[in-house]
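Novice: Have a look at the structure that comes next, please.
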Amino acid sequence: MTTVTADLAITLDGYVAGPNVTLDNPGGDGAEPIFEWIHTLASWRERQGMTGGEENRDSELLREWFDATGAVVMGRTMYDTGEEPWGDNPPFRTPVFVLTNRPRPTLVKEGGTTFTFVADGIHSALEQAQATAGGRNVDIAGGASTVRQYLGAGLVDELQLHVVPVLLGDGLRLFEALGPGRRDLEQIRVVETPLATHLKYRFVQ
């Protein structure tokens, strides 16, 4: 069965983006430490069509995520803030399903990425993603609201957090308003590097 994952960089105080996220400021104010460490990694640069970068444990973990992911689900805000920077050859290389109340025709991009806009809810988007993932994982990419919806509905199997050593103090929290009910997780792996502490969990059903 396809595994549903969520894989996010997060601050030590629980933020996945800073305050004041806009199309021109997709990470929010002061959020550079959440994302900058990724941009130096060889595996990330490969996905952007660039060369060079650091080959280290962080890069290995990011490449592992890329290779295991067969389809992606994201919210419309993430798509809108990424559409221009991603350009004609987005880094996903898989089908992407965008949750929206503003549907539009499917976009076919270079490198194997397609964007399908889903207006009938999170379950429909997930079912479509699972049908196209080819037995690989479906990743709930973001933003925070989208991941929270899937966590709250109990639809995520595995959660990986790349905890960066910074206290942001404000912004978009991941674990907020998930709804009632306890959720137990089993720790699968912990990897510590100078850039981040990588925590991987499986939800206990």
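The values are calculated or read from the model by the stated rules, or taken from the named source; none is laboratory data. Keep in mind it's a predicted model, so treat the numbers as computed, not measured. Only protein heavy atoms, including side chains, enter the accessible area calculation; ligands, DNA and RNA are left aside. Shrake-Rupley method; radii C 1.70, N 1.55, O 1.52, S 1.80 Å.
Novice: Given the whole protein assembly as supplied and a 1.4 Å probe, what does the accessible area of His123 come to in Å², nearest 10?
Specialist: His123 exposes around 100 Å² with every protein chain in place.
Novice: Further question: Among DSSP bridges having both ends in the chain, what percentage is antiparallel? Round to the nearest 5.
Specialist: 45 percent
Novice: For region 65-130, what class follows from the C-alpha gyration tensor (a ≥ b ≥ c being the square roots of its eigenvalues): rounded when a/c is under 1.5, otherwise prolate if a/b is larger than b/c, else oblate?
Specialist: oblate
Novice: Residue by residue through region 155-162, what is 3J(HN,Hα) from phi via Karplus (6.51 cos²θ - 1.76 cosθ + 1.60, θ = phi - 60°)? Round to whole Hz and write x for glycine and proline.
Specialist: Result, ordered by residue: 9, 9, 8, 9, 10, 10, 10, 9 Hz.
Novice: Let me ask something else. Just the Kirkwood number for region 1-119, please: inverse of mean 1/r across all distinct Cα pairs, in Å, one decimal.
Specialist: 15.5 Å
Novice: Could you tell me whether the chain comes out rounded, prolate or oblate from its Cα gyration tensor? Rule is a ≥ b ≥ c as square roots of the eigenvalues, rounded for a/c under 1.5, then prolate if a/b exceeds b/c, otherwise oblate.
Specialist: Rounded, since a/c falls under 1.5.
Novice: Sort Met1, Met74 by heavy-atom solvent-accessible area, probe 1.4 angstrom, most to least.
Specialist: Result, largest first: Met1, Met74.
Novice: So, one more: If a/c stays under 1.5 just call it rounded; otherwise compare a/b with b/c (prolate if a/b is bigger, oblate if not). Do that for region 83-205, with a ≥ b ≥ c from the square roots of the Cα gyration tensor eigenvalues.
Specialist: Because a/c hits 1.5 or more and a/b exceeds b/c, region 83-205 counts as prolate.
Novice: Which residue fluctuates the most in the chain, going by a Gaussian network model with Cα springs under 10 Å, if the choices are Pro85, Pro33, Pro19?
Specialist: Residue with maximal mean-square fluctuation among Pro85, Pro33, Pro19: Pro85.
Novice: Before anything else, pin down the relative contact order of the chain: Cα pairs under 8 Å, at least 6 apart, normalised by residue count, whole percent.
Specialist: 29 percent
Novice: To continue, here is another question. Per 10 Å bin, what is the whole-percent P(r) computed from every C-alpha pair distance within region 120-168?
Specialist: Binned Cα distances yield the sequence 21, 51, 21, 7.
Novice: Now for a separate question. Tell me which residues come under 5 Å, amide H to amide H, from Ala17 once H is placed; ignore anything under 5 positions away on its chain.
Specialist: Leu172
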